[in-house]
1. Considering only residues of the range 59-82 that are buried (at least 19 other Cβ atoms within 10 Å of the Cβ) and in contact with a Gly (Cβ under 7 Å, 6 or more places away or on another chain), which is nearest to GLU98 (Cα to Cα)?
2. Considering only residues that are small (Gly, Ala, Ser) and either open to solvent by 40 Å² or more (accessible area, probe 1.4 Å) or at pLDDT below 95 (or both), look in the range 37-55 and name the one that is farthest from ALA86 (Cα to Cα).
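The values are calculated or read from the model by the stated rules, or taken from the named source; none is laboratory data. If you're wondering where the values come from, they're calculated on a predicted model, not measured in any experiment. Neighbour counts run over all protein chains shown; Cβ positions are idealised from the backbone, glycine included. Ligands, DNA and RNA are excluded from the accessible area calculation, which covers all protein heavy atoms including side chains. Shrake-Rupley method; radii C 1.70, N 1.55, O 1.52, S 1.80 Å.
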Amino acid sequence: GGVGGAAMADAEGLVSVDYEVYGKVQGVFFRKYTQGEAKRLGLVGWVRNTSHGTVQGQIQGPTARVRELQEWLRKIGSPQSRISRAEFSNEKKIQALEHKEFQILK
């Protein structure tokens, strides 16, 4: 880690984490709500439906905000969804965001 230019980012600390949400999470606007919540929190990344009935993606942003979206994915989701569990993996510190926005992928 270099000193200087990255001081601002270091103060907050940016993280990247992958997620997968299980339950009744397809056909209930889960992706749209996840995108909306991520944008509200100022996070970037992506979300998509998988072929095995889950929703997965990646979140990047300030640690505290990422934690908020993780809680949301674990407990809230979209109004019609029924989340059984959310799994998070590959968490790592990043120097800069790797996405420009939070996208819904096909």
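1. GLN60
2. In the first step, residues of the range 37-55 are kept if they are small (Gly, Ala, Ser); the result is 38, 42, 45, 51, 53.
Among the residues that remain, those that are also either open to solvent by 40 Å² or more (accessible area, probe 1.4 Å) or at pLDDT below 95 (or both) are: 42, 51.
Numbers: GLY42: 21, SER51: 17 Å.
Of everything passing the filter in the range 37-55, GLY42 is farthest from ALA86 (Cα to Cα).
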